[in-house]
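First up is the structure itself, then whatever we jot down about it.
The values are calculated or read from the model by the stated rules, or taken from the named source; none is laboratory data. Keep in mind that what you see is a predicted model, and the values were worked out from it rather than measured. Note that each Cβ is placed from the backbone with ideal geometry, even for glycine, and that neighbours are counted across all protein chains shown.
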Amino acid sequence: MNTARQIDGLDHAQLPARPLHLAIGMFDGVHLGHRAVIDAAIQSARRSGGLAGVLTFWPHPSALFNPEKATRLIAGPELRARLLGETGVDLVITQPFTPQFAAIEAEWVLPYLKKKLPTLSTVYVGENWRFGQGRRGDIAMLVAEGKKQHIGVVSAQRINHNGEPISSTRIRACLEAGRIEEANELFGYTYFADGVVAAGKRLGRTIGFPTLNIAWEPALRPRFGVYAVRVSGPKSKDAFLPAVANYGLRPTVERSNQPRIEAHLLVDCPFVEGDSVRVEWLKFIRPETKFSSISGLTDQISKDRQEAAAFFGF
């Protein structure tokens, strides 16, 4: 449950007079590596009777410094704030990453934070975190400046998975390649899409495979293709229902540049147009393909359904 207070920028951070333990970073995707940093802040806050908070930024610095090649993020600001709020922190501050904020010299970052957050006790960052104008600041500088400001500094070592560090960059590569099972292991939760069931062309019904049509286009698109997924919503009474889904542009049946999810449930479908649903991605089955005929598409969907059913143990 997300009970964290959401704060729009440091200028609006009016906090109680309790020691603040603050995790700082972009935290794109809020994966296991991020959670190690955040959990350290939470544990210290609980021991000391303080507040646990997160300071994150929007947009990504690359959007300011290299807009033509800006990093495509796993989660937009609203979803990321929600994920951060669900970690157990008391507050999430999303600081606008403006040219003025980016121009703060590294030596002045902690004094600036102390001015905005007078109860700041300790900051928690990843071991490779860089800060300040030109990214000059590193952990050594942060520790040195922290001593001057009487602010503790905790740097969390990177967590490895299968011998390689967990990072947002690694997860992005997994999503773009369709390695969804690996991505889920790195996230520490199941990758998902939230959306509303929309009206479709009802082609699925005519060929025996009715689908839920869900418009969904994140900044970072996962690989177009067919996946074993599970779907939930208010009408599933919090249960996830097994399904097979295509995410992509549907090249066999229409010309489109707007990707969407088409999910075919393997059980009776309780959802109708207008319902809010969540689709959790579990296994990549195959890339999206353009077939020469509807019959070819139908034959392949039948095979996809069988593979998804086998995945779920049907």
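Quick rundown of the values:
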read-out: Residue list for segment 47-78, filter: assigned to a loop (DSSP other than H, G, I, E, B) and polar (S, T, N, Q); value: ASN66, THR71
read-out: Hits in segment 129-141 - residues which are within 27 Å of the chain's Cα centre (by Cα) and closer than 22 Å to PRO96 by Cα; value: TRP129, ARG130, PHE131, GLY132, GLN133, GLY134, ARG135, GLY137, ASP138
read-out: Segment 204-220, subset assigned to a helix (DSSP H, G or I) and over 13 Å from ARG260 (Cβ atoms), residue modelled with the lowest pLDDT; value: ARG205
read-out: Subset tally (residues that are touching a helix residue (DSSP H, G or I) at 6+ places or on another chain (Cβ under 8 Å) and either polar (S, T, N, Q) or under 30 Å from SER292 (Cβ atoms) (or both)) for segment 214-228; value: 6
read-out: Within segment 281-314, considering residues that are exposed (fewer than 14 other Cβ atoms within 10 Å of the Cβ) and assigned to a loop (DSSP other than H, G, I, E, B), the one modelled with the highest pLDDT; value: GLY313
read-out: Enumeration of residues in segment 53-80 that are buried (at least 21 other Cβ atoms within 10 Å of the Cβ) and more than 17 Å from GLN95 (Cβ to Cβ); value: ILE74
read-out: Among residues of segment 221-243, those that are part of a loop (DSSP other than H, G, I, E, B) and out of contact with any Ser or Thr (no Cβ under 7 Å at 6 or more places or on another chain), counted; value: 5
read-out: Any hit, segment 187-203, residues being without any contact (Cβ under 8 Å) to a residue 40 or more places away in the chain and buried (at least 18 other Cβ atoms within 10 Å of the Cβ); value: no
read-out: Enumeration of residues in segment 247-274 that are crowded, with 19+ Cβ neighbours inside 10 Å, of a type outside the set (A, V, I, L, M, F, W, C) and over 15 Å from PHE224 (Cα atoms); value: HIS264
read-out: Within segment 235-275, tally of residues that are modelled with pLDDT under 95 and either of a type in the set (Ser, Thr, Tyr) or outside the structural domain of ASP194 (by TED's automatic domain parsing) (or both); value: 3
read-out: Test for ARG47: is it basic (Lys, Arg) and either within 22 Å of VAL153 (Cβ to Cβ) or more than 19 Å from the chain's Cα centre (by Cα) (or both); value: yes
read-out: Complete set of residues in segment 1-35 that are surrounded by 23 or more Cβ atoms within 10 Å (Cβ to Cβ) and in contact with a strand residue (DSSP E or B) (Cβ under 6 Å, 6 or more places away or on another chain); value: LEU20, HIS21, LEU22, ALA23, ILE24, PHE27
read-out: Residues (in contact with a Pro (Cβ under 7 Å, 6 or more places away or on another chain), closer than 16 Å to ARG223 by Cα and not in a loop (DSSP other than H, G, I, E, B)) located in segment 247-280; value: TYR247, GLY248
read-out: Extreme residue, farthest from TYR112 (Cα to Cα), among residues of segment 8-33 that are part of a helix (DSSP H, G or I) and in contact (Cβ under 8 Å) with a residue 40 or more places away in the chain; value: LEU32
